[in-house]
């Protein structure tokens with residue numbers, strides 16, 4: 001089922017760390033000429049330090065971060081400005097904090113092997129590969145009622161962006 005979009009959407013690119021959220025979201029925003037925000041940049045210093053130390057975040061750690069992302073979404077919706085933002089949004093209750101009228105979730109799903117390989121190859125991120133299992137354990141894939149699509153993260157970034165644009169019938173700003 002194709003998600004319903006009443007106005008210019010806000011796309012939340014979601015998935016576990018290493019699924020390609022930042023790459024795909026930036027590519028999508030560039031393709032469409034839309035605003036872009038990497039949700040990782042909105043984490044508190046405390047959250048970054050905790051993850052850097054290999055400690056998974058709990059719900060209390062995530063709540064202020066989710067509220068900051070939600071504020072970005074609401075500001076864009078109120079201004080009528082389409083945008084793309086990343087957020088792991090692993091659980092439905094996290095997505096419920098972000099859900100607004102024109103939000104569409106794009107879940108990047110890939111095999112544990114692919115994502116694990118990506119995490120071990122990157123050196124410019126605070127999220128260590130050791131936390132992948134905790135993220136996979138927490139992941140609640142979006143249900144049909146959540147205005148979401150799932151994209152295979154094993155495709156090339158250009159293929160993923162093209163699929164998102166086509167499935168959601170998105171247009172350049």
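Each value in this text was obtained by applying a stated rule to the coordinates, not by laboratory testing. Given the structure is predicted, the values throughout are model-derived calculations rather than measurements. Neighbour counts are summed over all protein chains in view; Cβ atoms, including those assigned to glycine, are modelled from backbone coordinates with ideal geometry.
A few notes on this one:
- Exposure proxy ranking, count of Cβ atoms within 10 Å, fewest first, for 14, 78: 78, 14
- GNM flexibility winner over the chain from 38, 59, 30 (Cα, springs under 10 Å): 59
- Our summary gives the chain a relative contact order of 39 percent, counting only alpha carbon pairs under 8 angstrom and 6 or more residues apart.
- Note on the chain: with a GNM built from Cα contacts shorter than 10 Å, the maximum mean-square fluctuation among 145, 52, 19 falls on 145.
- Within the chain, antiparallel bridges make up roughly 0 percent of the DSSP beta bridges whose residues both belong there.
- Relative contact order (%) - the range 23-119, alpha-carbon pairs under 8 angstrom, separation at least six: 34
- Its DSSP H runs of at least 4 residues, each contributing -39,500 (n - 2.57), put the calculated 222 nm mean residue ellipticity of the chain at -13500 deg cm²/dmol, to the nearest 500.
- Cα-based helix-to-principal-axis angle, 157-168 vs the chain, degrees rounded to 10: 40
- Among 120, 68, 150, the largest mean-square fluctuation in a Gaussian network model of the chain (Cα springs under 10 Å) belongs to 120.
- Kirkwood hydrodynamic radius computed over the range 44-120 comes to 14.2 Å, based on all pairs of distinct alpha carbons.
- Against the main long axis of the alpha-carbon atoms of the chain, helix 112-121 sits at an angle near 70°.
- Solvent-free Debye scattering, log10 I(q)/I(0), computed from the Cα coordinates of the range 10-168 at q = 0.08, 0.09, 0.10, 0.14 Å⁻¹: -0.20, -0.26, -0.32, -0.65
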